[in-house]
């Protein structure tokens, strides 16, 4: 039986692994992919992680994994099917077998909702982005598009308007869902143009985004728009379905846990993008991993 099992090998899971190893805890990281990194692997370049400017997503993931490996972290490649809470024992059921631990850290991350249009997967990380604050600086003085109509999309458009020459906000309806204060800020931006009643039907480019194809539902017209990048902000889905009924979730599926990462279930902790919090970045995920292990140590000491 392990002191702690960590589900997920993204920044939160690897951060937890490093702190657990340094604390002398017996641990293992379980992930369905043999390649660690999570969503970071889909980021072409990371420019906002302290001390590692201009690092590629893959390069940063490699560094995280190398650090964990050097500390002797055990990695298990398996797909988790279910989790059982047996009080002082937690059982993780995988395709390859069952694993037991005194405590459990849920760090399975979240996935950005996608448009599902041609070119999106091909050009992901090459002009297609799901995080304006992560990648916006790479599009300075260029023309970009943002897709969505909620708070995140409007915040992204406002943020990008300070960096980019021109920002198009593409929304499938004729009104925004974002809060009024954000809308007022957006409407005041002279370099932002809103394309109402429009949907992206294709993202085009050879080695990078060059243009997008649009369809206006009201006019029933197709058109093309030349842009150097497209930021997709149509929602994010936490990977928490396996934990429904195990820990308390909010209405969107995020695990209710504070900065200490403590969930509603004794001995189970949540770290990274699956946790209910205002900001989801690589650096906050790593911090969650550290905080979760601190909480784990406190729980183990009680027993």
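Structure summary
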{"read-out": "Scope segment 185-204; condition part of a strand (DSSP E or B) and closer than 21 Å to residue 164 by Cα; matching residues", "value": "192, 193, 194, 195, 200, 203, 204"}
{"read-out": "Answer from 134, 164 - the residue that is outside any helix (DSSP H, G or I) and either under 25 Å from residue 280 (Cα atoms) or outside the structural domain of residue 49 (by TED's automatic domain parsing) (or both)", "value": "164"}
{"read-out": "Test result for residue 202, in contact (Cβ under 8 Å) with a residue 40 or more places away in the chain, more than 30 Å from residue 275 (Cα to Cα) and buried (at least 16 other Cβ atoms within 10 Å of the Cβ)", "value": "yes"}
{"read-out": "Any hit, segment 151-158, residues being part of a strand (DSSP E or B) and surrounded by 15 or more Cβ atoms within 10 Å (Cβ to Cβ)", "value": "no"}
{"read-out": "Hits in segment 236-269 - residues which are in contact with a helix residue (DSSP H, G or I) (Cβ under 8 Å, 6 or more places away or on another chain) and over 24 Å from residue 2 (Cβ atoms)", "value": "236, 238, 249, 253, 254, 259"}
{"read-out": "Test result for residue 40, surrounded by 15 or more Cβ atoms within 10 Å (Cβ to Cβ) and farther than 22 Å from residue 247 by Cβ", "value": "yes"}
{"read-out": "Criterion violated by residue 86 - all others in (1) more than 14 Å from residue 7 (Cβ to Cβ); (2) buried (at least 17 other Cβ atoms within 10 Å of the Cβ); (3) in contact with a strand residue (DSSP E or B) (Cβ under 9 Å, 6 or more places away or on another chain) satisfied", "value": "(2)"}
{"read-out": "Out of 128, 146, 117, sole residue that is in contact with a helix residue (DSSP H, G or I) (Cβ under 6 Å, 6 or more places away or on another chain), under 23 Å from residue 193 (Cα atoms), at pLDDT 95 or above and surrounded by 15 or more Cβ atoms within 10 Å (Cβ to Cβ)", "value": "146"}
{"read-out": "Segment 110-121 - residue that is part of a loop (DSSP other than H, G, I, E, B) and touching a strand residue (DSSP E or B) at 6+ places or on another chain (Cβ under 8 Å) and, of those, farthest from residue 205 (Cα to Cα)", "value": "113"}
{"read-out": "Residue tally, condition farther than 13 Å from residue 106 by Cβ and in contact with a helix residue (DSSP H, G or I) (Cβ under 7 Å, 6 or more places away or on another chain), over segment 1-20", "value": "8"}
{"read-out": "Any hit, segment 212-223, residues being in contact with a strand residue (DSSP E or B) (Cβ under 6 Å, 6 or more places away or on another chain), within 30 Å of residue 141 (Cβ to Cβ) and modelled with pLDDT under 95", "value": "no"}
{"read-out": "Residue list for segment 159-199, filter: under 22 Å from residue 114 (Cβ atoms), surrounded by fewer than 16 Cβ atoms within 10 Å (Cβ to Cβ) and within 24 Å of the chain's Cα centre (by Cα)", "value": "177"}
{"read-out": "Those residues of segment 205-219 which are surrounded by 15 or more Cβ atoms within 10 Å (Cβ to Cβ) and not in a strand (DSSP E or B), in sequence order", "value": "205, 209, 210"}
{"read-out": "Boolean, residue 106 is crowded, with 19+ Cβ neighbours inside 10 Å, outside the structural domain of residue 36 (by TED's automatic domain parsing) and under 20 Å from the mean Cα position of the chain (by Cα)", "value": "no"}
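Residues are listed down the side, and each one gets a yes or a no for (1) more than 21 Å from the chain's Cα centre (by Cα); (2) closer than 30 Å to residue 26 by Cα:
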| site | (1), (2) |
| --- | --- |
| 76 | yes, yes |
| 81 | yes, yes |
| 87 | yes, yes |
| 98 | yes, yes |
| 129 | no, no |
| 143 | yes, no |
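The values are calculated or read from the model by the stated rules, or taken from the named source; none is laboratory data. Given the structure is predicted, the values throughout are model-derived calculations rather than measurements. Heads up, the Cβs are rebuilt from the backbone with ideal geometry, glycines too, and the neighbour counts pull from every protein chain shown.
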